[in-house]
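Only one structure is covered here, and it is reproduced in the block below.
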Amino acid sequence: FHNRSATLPIFFRDFFRNLDCRAVAMAAFTVATGNAALRRQPNLQISAQAPDKRPHQGKWRHGTAQLTALFAVAAACNLGRRRKNMLAEGRRGAMQPSSSRRHRSRVRVHQQAVAREAVATATLAHHCETRFKLDVSMFTPEETRDRHVGECGGPPEVEVVSEVLNEVLAARGTIRVPYNARKIFENICNPEENRRIFDRNVASVNLRHLIEEDKVANTRLFEVSKTGRWNLLGVPISFESTVLAMEDWRKNEVSFQLKKQGAMKHMSGFWRIVPVSEDESIVFFYNEAVPSIPVPRIFKKFAGHIIREMAGSLLEDMRQACLRWNAEKVEDEA
């Protein structure tokens with residue numbers, strides 16, 4: 001019968017190709033049961049108008065109705081089964097993508113991972129380039145301990161180290177505080193505590209994004225954007241800067257370098273916490289910058305005064321924070 005199905009209408013061809021045998025069996029059983037009941041009632045009148053003239057007509061109509069019911073039940077069961085199979089295949093397709101779709105997904109994930117690694121590598125390489133225009137090799141922890149002469153808890157000691165014939169404006173400074181060096185470094189690297197430390201000179205923290213973390217070298221590289229506010233010679237100044245900041249947890253040092261130019265064409269520096277004893281430390285700060293607009297030589301001394309004031313202001317914020325932490329520690333112990 002299947003070989004001749006091509007000559008049948010499309011509906012019957014699909015019907016016989018996908019016939020549900022269980023539905024047919026159930027319908028046939030229903031028809032047989034109905035015929036048996038009909039035979040047990042020979043006087044059943046199918047037509048009220050002529051019961052005796054054409055007795056076979058009622059049986060024919062009855063059989064035709066049952067046959068129609070048979071095909072209707074089988075078709076309904078068959079179409080229901082096909083719809084159920086189509087839905088199941090759709091769910092399996094959604095849950096289990098094809099091999100080509102899985103391959104494209106894996107390729108896309110791999111490309112994104114390679115792109116992120118390339119960006120991180122390029123950023124790290126940019127940060128590891130020569131960051132300082134002046135020679136900072138003499139700024140060692142030993143030199144820091146020997147050079148600072150003030151008492152513990154005293155005001156910052158800042159000096160300008162710019163070269164007269166160089167466009168670089170640079171300053172270095174130190175403070176000696178009665179607080180543990182490691183705890184100071186941890187507070188500097190803590191975003192919330194860092195904001196508290198420099199709240200006087202930082203209007204907002206716009207971005208702090210971790211680019212790479214090296215657990216072997218114990219370093220972390222961040223992209224940080226801040227909007228600073230200063231009051232220099234009675235004039236309020238505000239500007240935004242984005243830097244790459246490297247935390248070196250072995251050296252207790254945070255170095256930074258300007259990522260994109262703005263008011264400054266170049267800027268770099270570092271914070272270094274030098275331990276003196278268990279509860280005493282020296283905080284060293286160095287910063288150098290090259291303005292986007294060259295500073296005439298006659299104003300070089302004035303520009304040096306400005307950068308010294310800025311470095312002294314940051315160190316004073318750090319000194320006040322260390323004194324506050326020490327006072328909080330004494331209160332907690334009491």
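The values are calculated or read from the model by the stated rules, or taken from the named source; none is laboratory data. Everything numeric in this text was worked out from a predicted model, so none of it was measured. For neighbour counting, all protein chains shown are included, and Cβ atoms are generated from backbone atoms with ideal geometry for every residue, glycine included. Please note that ligands, DNA and RNA were not included when accessible areas were found on the heavy atoms of the full protein model with its side chains. Shrake-Rupley method; radii C 1.70, N 1.55, O 1.52, S 1.80 Å.
In table form, for the structure just shown:
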item: Residue match in segment 234-246 (condition: among the acidic types (Asp, Glu) and closer than 15 Å to residue 189 by Cβ); result: no
item: From the options 326, 252, 218, residue that is open to solvent by less than 70 Å² (accessible area, probe 1.4 Å), farther than 16 Å from residue 189 by Cα and touching a residue at least 24 places away in the same chain (Cβ under 8 Å); result: 326
item: Residue within segment 289-309 that is under 36 Å from the mean Cα position of the chain (by Cα) and in a helix (DSSP H, G or I) present; result: no
item: Selection count, segment 171-191, where residues are of a type in the set (A, V, I, L, M), within 15 Å of residue 315 (Cβ to Cβ) and more than 24 Å from the chain's Cα centre (by Cα); result: 4
item: Segment 203-215: number of residues that are out of contact with any Lys or Arg (no Cβ under 8 Å at 6 or more places or on another chain) and either closer than 11 Å to residue 248 by Cα or polar (S, T, N, Q) (or both); result: 1
item: Residues (aliphatic (A, V, I, L, M) and closer than 13 Å to residue 162 by Cα) located in segment 284-334; result: 289, 290, 295, 303, 306, 307
item: Condition met for residue 288 (farther than 21 Å from residue 219 by Cβ and open to solvent by 30 Å² or more (accessible area, probe 1.4 Å)); result: no
item: Failed item in (1) open to solvent by 70 Å² or more (accessible area, probe 1.4 Å); (2) over 24 Å from residue 136 (Cα atoms); (3) not in a helix (DSSP H, G or I), with residue 237 passing the rest; result: (1)
item: Contacts under 6 angstrom Cβ, first residue in segment 283-303 being over 22 Å from residue 273 (Cβ atoms), partner assigned to a strand (DSSP E or B) and of a type in the set (D, E, K, R), 6 or more apart; result: 290/265; 292/265
